[in-house]
Every structure is written in structure tokens, then in C-alpha cells.
Amino acid sequence: MSTFAELLLNGVSLGSVYALIALGFVVIFRATEVVNFAHASLLLAGGYVTATLHDDIGFWPALLAGVAGAALVGAAVEFLVMRRYRGSDHSVLAIVTIGVDILLTTELTRRLGTDVLALGDPWGDAVLTVGPVSLAHTRIAAFVAAALLITVFLLAFRYTSWGVAMRAAAESPETAALMGVRLGRVSLGAWAVAGGLAAVAALFLTVFPTPGLERATSLAALKAFPAAILGGLDSTTGALVGGLLVGVTESLATGYQSDLTFLGRGLGDLAPYLVMVAILLIRPAGLFGTKELARV
């Protein structure tokens, strides 16, 4: 049986990957106020490109191609579909993203069929063992890569012109537009960044100890959705905290499943949603979400 420390470390690693996905939800929501239910298909698209190209061009170029491919798909969805519905009710926009997700996921799963594709990562099934704690190299790589990407994103979000424009658009789109911020360009960049982050997350969700990329891989994005919600959809900090909380909760619930059989099977899959509901009952806007104030 896995030790508590081992389960905790695996949970932190998994949570950092969920944080990458949750950041994609948050970036798009801050830029457009749209809850992107097509995020799962962006994740699957990035993973599919990497899996199909790594034998021909090598792993690292294939990974870059996967990131670029998912970013292009995200940008195309924004430019060709979402931009046409700009100004529509938020519920309409959410439904549109559901339609986009169905379309893209159907095509990608048709291409995948029943195959399970390897992504050709260099870590294989190697495991680092320190005392009673064993941790797969892929888990360590996932944490390091996620930490680097999240740091770069936060620095860009704070100090680059794109980050300033996005924060301005999130605060007041009308005022930002009057000040010269091109909202369309901000939205396009947000969808592209979300796609790129999803492609990296797809890699670490499909390497050891999982068998590889398959049709159900896109469902992992649904586990990151509670992370974005409980952290606050408009908070980048909330995405990080929410991702770690969901990852640790899932890992511990799965690891101690045999001691919690009275709660039923599959507790690890259900636990993140239970945590989300519990937190939303206390803080409806999420842990770091902004409460909307209305003048009466």
C-alpha cells in the first residue's frame, strides 16, 4: 500500500497538471467571460498531434508541434466561431462551446478509434525510490514542467503588454476598448494560450503510469473544471490552488479507497466534485473569485 507521503507527492504532481488545464479555463474566462466547455477537445487535439508525429520527427519537436497545433485550433475556434457570437448572452456562448467540443471530440475519437497511442516521452516507466516513497520520473517531470510554465505565464500576465491588455479587458472591456486595447486580439491570444497549456497537460496525463492517449483522455479536462470553479473562474491564483487541491484530494481518495469502501467505489473520481460543492456552499464565488457587487 502506498504511504501518505507518496500519495501526497503524486497528488501535488497531478494537481500541477490540473492547474495547467484550469489556467486555460481562467484565461479564456477573464478575456471573454466565456466558460469554455471545448477545452477538453483542445487537450485531445494537442495530445493527438504529439502522438502521431513523435515517431517521425522525435519527441521534443512533436511536443512543440502538439502545443502549436492545439494553440492554432484554439485560435481558429475563437476566430471562426466565437467571434461571430460576440455580444451574445453568456449562456449562448457556453452552449456554442459545447457544440464545438462535440464536433472536435467526435472527429478526434473517430481518428483514434480503439487505439491507445504512446507519446514517445523520454522518461518511460522509470521510478525514483527514496526510502518508503516511490515516485515515477514522469510525475517529477510533470511538476517541474508545470511549475516552469505557470511561472512564465504569471510573469507574462503581469509584465507584458498582452498581460496588461488582458487584465484591462477583464476589468472593463468597454473602457479597455476606448483606451485602444484590441479585444479581438486579446481573445484570440487567450484561446491560443489555453490550447498550448492543454497540449502540455495532455502529455503528462497520458504518460506512465497511464497507458497512453485514448478516447477517454479528454475527460481529464472535466476533473480540472472543479479546480477552476472552486478556485474562482476569474482568478489565476485560484486555478493554481484549485488544481493542487483537486489533485491531492483525488490521489488520497484513490489511495485509501480500500479503507473507504463503505462510501462506494470510484471515490477518487467523485472526490474533486464533492470538494467543489463543499467550498461553493461556503464561498459561492470560489476561494479567490471576485464577488459581483450590484448597486441598489
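Checking A224, A216 one by one, the residue that is out of contact with any Leu (no Cβ under 6 Å at 6 or more places or on another chain), farther than 17 Å from L154 by Cα, open to solvent by less than 30 Å² (accessible area, probe 1.4 Å) and at pLDDT below 90 is A224 and no other.
Part of a helix (DSSP H, G or I), open to solvent by less than 80 Å² (accessible area, probe 1.4 Å) and not aliphatic (A, V, I, L, M), is that true of G238?
So G238 fits the description; yes.
Residue check: P211 meets all listed conditions (1) touching a residue at least 12 places away in the same chain (Cβ under 8 Å); (2) in a helix (DSSP H, G or I); (3) surrounded by fewer than 23 Cβ atoms within 10 Å (Cβ to Cβ) but one, namely (2). Considering (1) open to solvent by less than 30 Å² (accessible area, probe 1.4 Å); (2) within 16 Å of V193 (Cα to Cα), the lone condition that T32 does not fulfil carries the number (1).
Out of Y48, Y85, I need the residue that is among the aromatic types (F, W, Y), open to solvent by 20 Å² or more (accessible area, probe 1.4 Å), more than 19 Å from T236 (Cα to Cα) and modelled with pLDDT under 95. Which one? Before the answer, list the steps.
On the way: Y48 fails: modelled with pLDDT under 95.
Answer to the selection: Y85.
Listed by first and then second residue, the pairs linking a residue in region 270-287 that is under 25 Å from A220 (Cβ atoms) to a residue that is open to solvent by less than 90 Å² (accessible area, probe 1.4 Å) and of a type in the set (S, T, Y), with Cβ atoms under 8 Å apart and 6 or more places separating them unless they lie on different chains, are A271/T249; P272/T249; V275/T249; G286/S235; L287/S235. Look at (1) modelled with pLDDT under 85; (2) under 23 Å from A239 (Cβ atoms); (3) among the charged types (D, E, K, R) and you find that R283 fails only one, number (1). Being modelled with pLDDT of 90 or more and either closer than 17 Å to N36 by Cα or aliphatic (A, V, I, L, M) (or both) is a property that does not hold for A170. Across region 1-29, which residue is most open to solvent (accessible area, probe 1.4 Å) among those that are within 20 Å of I229 (Cα to Cα) and either among the β-branched types (V, I, T) or not in a helix (DSSP H, G or I) (or both)? Result: V12.
The values are calculated or read from the model by the stated rules, or taken from the named source; none is laboratory data. A quick note: this is a predicted structure, and the numbers were derived from the prediction, not measured. FYI the Cβ positions are ideal-geometry reconstructions off the backbone, even for glycines, and counts take in every protein chain you see. SASA here: full protein model, heavy atoms, side chains in, ligands and nucleic acids out. Shrake-Rupley method; radii C 1.70, N 1.55, O 1.52, S 1.80 Å.
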